[in-house]
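Where a number appears in this text, it was derived from the coordinates with a stated rule and is not lab data. These numbers come from a predicted model, not from an experiment. Here the Cβ positions follow ideal geometry from the backbone for every residue, glycine too, while neighbour counts run over all protein chains shown.
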Amino acid sequence: MIKTIGVISDTHNFINPKVFSVFEGVELIFHAGDTGTENIITSLETIAPVQAVYGNVDTFPIITRYPEVFSETIEGIKICMLHQFTGMNSDLILNASQKLRGELDIVIFGHSHRASLQREDNTFLFNPGAAGKKRFSLKPAVGLIKIINPGQFVPEIIYLD
């Protein structure tokens, strides 16, 4: 049973070293795109298995090895992950919802480098922020999804400075 999922995005070929202590003990890691190189995935795999999607600045081989959108039910939680979130009515979200046969519990995305956690109706919209080098005036951040029981979870943003 998975109890904790680490959520990361926008590493751009650099992982803030604090990520390794924050993700200690997670059973699965989601990377929401703009990875940089496969070395980032390999580094994260020293902690736990990684599921990734590609982002708008990712190139070969990332874009051939990872999908644009990932959608699965994990521990009773309907999850969709993509890099650029353009709204609940986007084709990617609607297709993911149809694939999982119902309303999504959580949509994980990146791109803006701005950590945010909002709720739209019954769906959490979760951007873990950027875990690479500090850009703009935004604080580096990652996220955790703590699974309490099947279908019950608590998402959390953790700032790295």
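Please compute the net charge surrounding MET1, taking Lys and Arg as +1 and Asp and Glu as -1 over other residues with Cβ under 13 Å from its Cβ.
Working: positive: LYS3, LYS146; negative: GLU27, GLU75.
Result for the local shell: 0.
Given the C-alpha centroids of region 113-138 and region 72-101, what is the distance between them in whole angstrom?
17 Å
Could you please rank VAL57, VAL7, placing first whichever residue has the fewest other Cβ atoms within 10 Å of its Cβ?
Going from least to most buried by this count: VAL57, VAL7.
Using a Förster radius of 45 Å, what is the FRET efficiency between THR42 and ASN149 based on their Cβ-Cβ separation? Nearest 0.05, please.
Step by step, r from the Cβ atoms, then E = 0.85.
With a 10 Å radius around each residue's Cβ, average the other Cβ atoms per peptide and rank 24-36, 62-74, highest first. Walk me through the numbers before you get to the answer.
Numbers: 24-36: 21.8, 62-74: 15.8.
Those peptides, ordered most packed to least, come out 24-36, 62-74.
Write down the percent of antiparallel bridges among all DSSP beta bridges whose residues are both part of region 21-161, to the nearest 5.
70 percent
Over 29 Å between Cα atoms, which of LYS99/LYS139; LYS3/LYS99; LYS18/LYS146 qualify?
Values: LYS99/LYS139 35 Å; LYS3/LYS99 24 Å; LYS18/LYS146 19 Å.
Over 29 Å Cα-Cα: LYS99/LYS139.
Calculated FRET efficiency, GLU24 and ASN89, Cβ-Cβ r, R0 45 Å, to nearest 0.05?
Efficiency for this residue pair is about 0.75.
State the answer as a single residue: which of GLY76, PHE14, VAL26 lies farthest towards the positive end of the charge dipole of region 4-159, with beta carbon charges of +1 for Lys and Arg and -1 for Asp and Glu, about the Cα centre.
The Cα lying farthest towards the positive end belongs to PHE14.
Where does the chain land on Rg(C-alpha)/(2.2 N^0.38 Å)? Show your work: numbers first, answer last.
Details: Rg = 14.3 Å, N = 161, 2.2 N^0.38 = 15.2 Å.
Taking the Cα Rg and dividing by 2.2 N^0.38 Å, one obtains 0.94.
In whole Hz and in residue order, list the ³J(HN,Hα) couplings for region 7-18 that follow from phi through the Karplus curve 6.51 cos²θ - 1.76 cosθ + 1.60, θ = phi - 60°; x for Gly and Pro.
3J(HN,Hα) across region 7-18, in whole Hz: 10, 9, 7, 6, 7, 6, 6, 8, 10, 4, x, 5.
In debye, nearest 20, what is the charge dipole magnitude of the chain about its Cα centre with +1 on Lys and Arg Cβ and -1 on Asp and Glu Cβ, if you could check?
320 debye
Give me the one-decimal nm value for the distance between modelled label points at VAL57 and ARG101, 7 Å along each residue's Cα-to-Cβ direction.
4.1 nm
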